[in-house]
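The structure appears right after this line, and notes come after that.
The values are calculated or read from the model by the stated rules, or taken from the named source; none is laboratory data. Computed from a predicted model, the values in this text were never measured in an experiment. FYI the Cβ positions are ideal-geometry reconstructions off the backbone, even for glycines, and counts take in every protein chain you see. With ligands, DNA and RNA removed, areas are computed over all heavy atoms of the protein, side chains included. Shrake-Rupley method; radii C 1.70, N 1.55, O 1.52, S 1.80 Å.
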Amino acid sequence: MEVKDLQPTLVWSAFDEITKVPRPSRHEDQIRAYLLDYAKKHGIEAKTDKIGNVVMKKPATPGREKAPVVVLQAHMDMVAEKNSDVQHDFLKDPIQTYIDGDWVKAKGTTLGADNGIGMAAALAALTDAEYAHGPLEALFTVNEEIGLEGAENLGENMISGKILINLDSEDDGEIFIGCAGGIDTTAIFTYKRSFAPDKFNYYKVKVSGLLGGHSGGDIHLGRANANKVIARFIWNCSNTWHIEVSSFSGGNLRNAIPREAEAIFGINEKHQEEIEKYLHQYAEDIRIEFKGVEPSMKLEIEKVEKPDYCIDSETSLRLVRALYSAPHGVVSMSKDIDGLVETSTNLAAVKMEEDSKIVVTTSQRSSLESRKNDIAGQVEACFQLAGAEVSHSDGYPGWAPNVESKIMKVSAQAYEELFGVKPQIKAIHAGLECGLFLDKNPELDMVSIGPTMRGVHSPDEKLLIPTVDKFWKHLCLVLTKISEV
């Protein structure tokens, strides 16, 4: 069986088509064209704004024209992550999906169910004539994964609805009514090139096979950070031997916990046996520390050819010290909602640029604006002490829970009516676009729902098939009930 043949057909066939359209962040031209073509094909009114968001509108079922307008919202872009041994061009190649038991997965890349399945559900809601509903608007935003840019720059009068259902959550049986705000902190080191010393052996040390995951939804799971693992090894070595670092790179996206990292460094050839012995000892220590958490972790060292140059000793020492000491992970837990991460930070990526610069990307989240700014300040101070040039993004606001929300109560009632159990009402540590929508329109009443996904923002991403049917039935009943008000 193929993905497009799964039930409900309207949702899965749309999702199957979406996976065939390249759509990494800031490259949404093809998926936007697909959406506009979809609207034209089905006779649906559609428009775009300057940044590239798309809105489609569907009239109410006859007799329900006076019902409140409901906005269904999903984002177009996907996180483009792949395993290092996989050949895949996210700008050209379709995602290779397959069914594994109750899960839909991708071959060595992110699946893009975040938020492709939300888009598919919105499109199905616009074309299905089997359920009753009021006036609908479907909003598809751009560049969500790299800073919620579509939501932040949403054009005036793009949507008119005062009720919004965000379709970007990842757990069946949970209705979200709040999320964390976030900010990115970037540190730039400028280095000088120095000749690689003679009579040195040069090694590549690499960590791979980590689980990674979403820097919001998975940060509390205690998974290893590839950048931290390599930085710790280099720092430990530098305390015993003279080390020359030629390169350091790891991670990719600001909102993904880094899964792979590597560094090339040199050490006097007389220490060959010592460094290789220490690596094995270090690898064993790391395996013990992350036993049961990182079952597939690999830490390897291999000899490489002498590089053309190294990073000057002063800068490499400052870089390694900063990466080793920079905070990563959960900073504090919520005092109001049991089990909710309040504040966290992610040491996301280290990239060497051609112009003798090393760019370190980090991301901070918190449900409290003051705590968000505080942890961003701590990260800034850490890298300032190391002599880096530090800057912050504009950030985005959190979404404060509204326990009196009407759409929340309707959504909870619909879920219990369908499945015989009460859904959990929760807030999420991940960032959703809802905070920005609320900032622009304080009258909005919102919830976020979705089917069960795991491994989001990593090549382990997978979508639980039975929950998609539940997600669809739930969405349809919510829209019907709202139209009866």
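Just a few scattered comments:
- Residue satisfying all of: in the range 1-19; of a type in the set (Val, Ile, Thr) and touching a helix residue (DSSP H, G or I) at 6+ places or on another chain (Cβ under 8 Å); surrounded by the fewest Cβ atoms within 10 Å (Cβ to Cβ) among these: VAL3
- Residue satisfying all of: in the range 20-59; under 22 Å from LEU475 (Cα atoms) and in a helix (DSSP H, G or I); most open to solvent (accessible area, probe 1.4 Å) among these: TYR38
- Selected residue (criterion: nearest to GLU461 (Cα to Cα)) from residues of the range 71-108 that are among the hydrophobic types (A, V, I, L, M, F, W, C) and surrounded by fewer than 16 Cβ atoms within 10 Å (Cβ to Cβ): ILE99
- Pairs meeting the criteria (first residue in the range 202-219 and closer than 15 Å to ALA256 by Cβ and part of a strand (DSSP E or B), second residue open to solvent by 10 Å² or more (accessible area, probe 1.4 Å) and of a type in the set (Ser, Thr, Tyr), beta carbons under 9 Å, at least 6 apart or on different chains) are SER208/SER84; SER208/SER296.
- Considering the range 265-288, the residues that are in contact (Cβ under 8 Å) with a residue 24 or more places away in the chain and either open to solvent by 90 Å² or more (accessible area, probe 1.4 Å) or not in a helix (DSSP H, G or I) (or both) include one that is farthest from SER194 (Cα to Cα), namely GLU269.
- The range 344-400, residues that are under 22 Å from GLU145 (Cα atoms) and polar (S, T, N, Q): SER344, THR345, ASN346, THR361, THR362, SER363, GLN364, SER366, SER367, ASN373, SER391, SER393
- ALA180 being under 30 Å from MET446 (Cβ atoms) and either open to solvent by 20 Å² or more (accessible area, probe 1.4 Å) or touching a strand residue (DSSP E or B) at 6+ places or on another chain (Cβ under 8 Å) (or both): yes
- Within the range 305-342, considering residues that are basic (Lys, Arg) and outside any helix (DSSP H, G or I), the one least open to solvent (accessible area, probe 1.4 Å): LYS306
- Residues of the range 376-397 satisfying the condition of being closer than 21 Å to GLU152 by Cβ and either outside any strand (DSSP E or B) or within 20 Å of the chain's Cα centre (by Cα) (or both): ALA376, HIS392, SER393, ASP394, GLY395, TYR396, PRO397
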